[in-house]
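Everything below concerns the one structure shown next.
The values are calculated or read from the model by the stated rules, or taken from the named source; none is laboratory data. A quick note: this is a predicted structure, and the numbers were derived from the prediction, not measured. All Cβ positions, even for glycine, are placed from backbone atoms using ideal geometry, and neighbour counts span all protein chains on display.
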Amino acid sequence: MYHIKTLNKIAPVGLSQLPKEGYAVSDGEEHPDGILVRSADMLNYEFPESLRAIARAGAGTNNIPIDRCSEAGIVVFNTPGANANAVKELAVCALLLSARKIAAGSKWVNAQAADGVDVTTVVEKGKSQFVGPELMGKTLGVVGLGAIGVQVANIATKLGMKVIGHDPFLSVHSALSLSRMVHVTADLNEVYQSADYITIHVPQNKDTKGMVNAAAIAKMKDGVRLVNMARGGLVDEGAVIDALKSGKVASYVTDFPTNALMAAPNVTALPHLGASTPESEDNCAVMAAQELRDYLENGNIVNSVNLPAVELPWSGAARVCVIHRNIPNLLAAITGLLGKDNVNVANLTNKSKGEYAYTIVDTDQAVTDAVADELAKVEGVLRVRVLNH
Ligand code: 3PG
């Protein structure tokens, strides 16, 4: 029986991927093999010894201490693309919110009605204070062309916008999905200098934190409109507040409100609604649960942010899964220890990602606990699991 702890509400269709006869799933599991999470803050979470994997039902993993997970041999999964359509739709809404004075206008109508005014008598006179420009013909800068950025860039071309995109890690898949009308530049400054609207779609990590700072904003056009549906920490809040006050930034629409931002002019904030649609909650939950299950039952790793993608069809009698450092002689040590116990390797695969690597060995004979214990003691080995077919 596998034990799965949920740290957020996970869509039932996702949980149904984990059959009741093999999985106990609740928010109270004390010795979980796996965790299913959305945005719950795990940065100070103490990992139980039992924990082997964390599946993030969503894209951003800045709420998970990735380095600590890697050192503890815990695989962290996410669900790239599963909520991209929901975020794309909200990003389009955010662009419109940043241009047209929709939120302020709506607030004004509500206030009139609350004051007992017959709103039909005031709208035509009142509307002139809420004039805002159109998107068509303007230039949109898209920073980050992953699953979401590509969709936002493509739909913006359909709205008649000129689109310039930047992504230093542009994947072949993203490049192939991108409209030919999107101009891709290797120079982020070109985006900053030419865009009337800028939308950010990059993960928040140590390289991107605070990337929209005073220096970046200084390169932008006067009156630029910023959209941030990605993560609050990508923007240096003090810098954006100063720019809003001076008018350098005409409007900032964000899914990540703070009290300081709410006191600044021309901020429209939403309560992190990007992926909050039934469709994307279902998609993310299904994908996360399937990834977790495939890892726990088969040792396969798909869509991990800290370990390489490794899949191996079953062969042989047992499967040894080893998470280890990406250093010389580890493979020889693993096969050597198995050989010493007369265990024959039926099939083997090994891949690395940065400082870490993962090896799956299918064996023709059963692997004893003693051999697994010996493997776990090898210098550089972080986690050993033996699975039986
Ligand atoms: C994500 O990172 O996938 C989105 O920001 C959605 O986060 P959520 O699952 O907490 O809504």
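Listing for the model above:
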{"quantity": "Segment 50-83: number of residues that are surrounded by fewer than 23 Cβ atoms within 10 Å (Cβ to Cβ) and over 25 Å from residue 354 (Cβ atoms)", "calculated": "1"}
{"quantity": "Scan of segment 252-272 for residues that are within 11 Å of the ligand (Cβ to nearest atom) and surrounded by 14 or more Cβ atoms within 10 Å (Cβ to Cβ), ordered by number", "calculated": "255, 256, 272"}
{"quantity": "Residue that is modelled with the lowest pLDDT [pool: residues in segment 199-251 that are surrounded by fewer than 21 Cβ atoms within 10 Å (Cβ to Cβ) and of a type in the set (Lys, Arg)]", "calculated": "206"}
{"quantity": "Listing of helices (runs of 4 or more DSSP H) fully contained in segment 82-131 that carry 2 or more residues being within 16 Å of the ligand (Cβ to nearest atom) and out of contact with any Asp or Glu (no Cβ under 7 Å at 6 or more places or on another chain)", "calculated": "84-99"}
{"quantity": "Residue check for residue 61: within 16 Å of the ligand (Cβ to nearest atom) and either more than 30 Å from residue 159 (Cα to Cα) or modelled with pLDDT under 95 (or both)", "calculated": "yes"}
{"quantity": "Residue among 372, 366 that is loosely packed, with under 14 Cβ neighbours inside 10 Å, on the phi < 0 side of the Ramachandran plot and small (Gly, Ala, Ser)", "calculated": "366"}
{"quantity": "Sole residue being within 16 Å of the ligand (Cβ to nearest atom) and touching a strand residue (DSSP E or B) at 6+ places or on another chain (Cβ under 7 Å), chosen from 4, 10, 74", "calculated": "10"}
{"quantity": "Residue, farthest from residue 241 (Cα to Cα), within segment 278-313, restricted to residues that are within 14 Å of the ligand (Cβ to nearest atom) and in a loop (DSSP other than H, G, I, E, B)", "calculated": "303"}
{"quantity": "Spans of strands (runs of 3 or more DSSP E) in segment 168-277 with at least 2 residues without any contact (Cβ under 8 Å) to a residue 24 or more places away in the chain", "calculated": "267-269"}
{"quantity": "Failed condition for residue 19, given (1) of a type outside the set (Asp, Glu); (2) within 24 Å of residue 385 (Cα to Cα); (3) within 19 Å of the chain's Cα centre (by Cα)", "calculated": "(3)"}
{"quantity": "Verdict on residue 321 being more than 22 Å from the chain's Cα centre (by Cα), modelled with pLDDT of 95 or more and surrounded by 20 or more Cβ atoms within 10 Å (Cβ to Cβ)", "calculated": "yes"}
{"quantity": "Residue under evaluation residue 7, criteria (1) more than 16 Å from the chain's Cα centre (by Cα); (2) buried (at least 22 other Cβ atoms within 10 Å of the Cβ); (3) within 26 Å of residue 277 (Cα to Cα); (4) aliphatic (A, V, I, L, M), criterion not met", "calculated": "(2)"}
